[in-house]
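Working notes for the structure below.
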Amino acid sequence: MTPNTTFIKTVLIIGFMLLTGTTSAGAKELIAYSGFTDGYWQIWTMEPDASRQIQITHSPQDKRSPIWVNNGRQLAFRTNNGRLFLVDRDGGREQEILEQYHNINNPDFSDRTAEIIFVRFHPTATDISDIWKSDLTGKSALILTKDRVLKYQPRFSPDGKSIVFVRADKDKKGHHLWLMDADGSDQRQLTEGGGFDTLPAFSPDQGSITFTSNRDGEGYDIYLLELKTKKMKRITEHAGLDTYSSFSPDGSKIIFVSNRGGSRRGGNQQIWMMAPDGSEAVQITSGENECIDPVWGKIAE
């Protein structure tokens, strides 16, 4: 490598670190995600600049939906048969939790309340599900929703006082975002219209929610909903798939999954980063193996 090439590469790396807010001072942030590895989905972590990509789980079974637990000291994930596991951030001490429940989906955890929320489907009807809340032992489990419709993908607000989730319309014409208090009360609809609004995520200041939708009839893109004004903005516009959005801890960036890296209609799914208005989109993972389910966490030492 020539000195000039080295200089250019150094400038590019520094520029990317400034873009992501990562410096050698050791920002205590990590991104967890699901990576397709040797025929299975496994849980991985990486720095926000995509360095130090580390495989956390290794057993021959699909593992998805990673969430940060206990201020980033641990990760929780679900297996393809609906079992929930907890693992240390370095991959140690893997253990099953909430084993008294079955077919757990869409987990999320609040550090403020030390509680986990998850979805359980009706044992005989695939279009009926409910949202549950519990501590990590399962001893304090509560059913937050009890109507006979499909509900899924709940996410805590940063203060742990509210939960956003997806609820199917009773007329089955679409799926929309709903908001409720953390005890299941005061359920109210946030979005309406045609299409499917899915995969919501709160901003750190709780002022807005990103979500994935096909409401414009042009494939799935990411939208931003301001909760106070109810204003909605489409922040990605691409012929491929844009989905799975998650804010950085300071709210200055959004990571998401896109297949825009290939042909016009897209290649395999990889993790990207952008500003909250959809500008400055940068691909941060690459390769033949797909990367999905990203969640950006602030890590306690």
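Structure values in brief
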| read-out | value |
| --- | --- |
| Heavy-atom accessible surface of the chain: percent carbon and sulfur, 1.4 Å | 50 percent |
| Unit charges at the beta carbon, dipole of the chain: most positive-side option, 95, 187, 107 | 187 |
| Top positive-direction residue, dipole computed over the chain with Cβ charges, set 68, 214, 286 | 214 |
| Rounded, prolate or oblate (a/c below 1.5 giving rounded, otherwise prolate when a/b exceeds b/c) for region 209-280 by Cα gyration tensor | oblate |
| Global size of region 16-172 as Cα Rg and Dmax, reported in angstrom | 16.7, 53 |
| Within a Gaussian network of the chain (alpha carbon springs, distance under 10 Å), most fluctuating of 53, 74, 100 | 100 |
| Check: region 26-134 dipole with +1 on Lys, Arg Cβ and -1 on Asp, Glu Cβ, in debye | 120 debye |
| Among 81, 268, 106, residue whose mean-square fluctuation peaks in a GNM of the chain (springs only between Cα atoms under 10 Å) | 81 |
| Over 31 Å (Cα to Cα) - which of 133/298; 28/161; 139/228 fall in this group | 139/228 |
| Rounded to the nearest 20 debye, dipole of region 156-301 from Cβ charges on Lys, Arg, Asp, Glu | 380 debye |
| Equivalent ellipsoid, the chain (semi-axes from 5 times Cα gyration tensor eigenvalues, Å) | 31, 23, 18 |
| Relative contact order for region 172-220, counting Cα pairs under 8 Å that sit 6 or more residues apart, in percent | 29 percent |
| Accessible area per residue, Å², the chain with all protein chains present, probe 1.4 Å | 48 Å² |
| C-alpha long axis of helix 3-20 to longest principal axis of the chain, angle in ° | 20 degrees |
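The values are calculated or read from the model by the stated rules, or taken from the named source; none is laboratory data. Source: prediction; values computed, not measured. All Cβ positions, glycine included, derive from the backbone under ideal geometry; neighbour counts span all protein chains shown. Just so you know, the surface numbers come from the protein's heavy atoms only, side chains and all, with ligands and any DNA or RNA stripped out. Shrake-Rupley method; radii C 1.70, N 1.55, O 1.52, S 1.80 Å.
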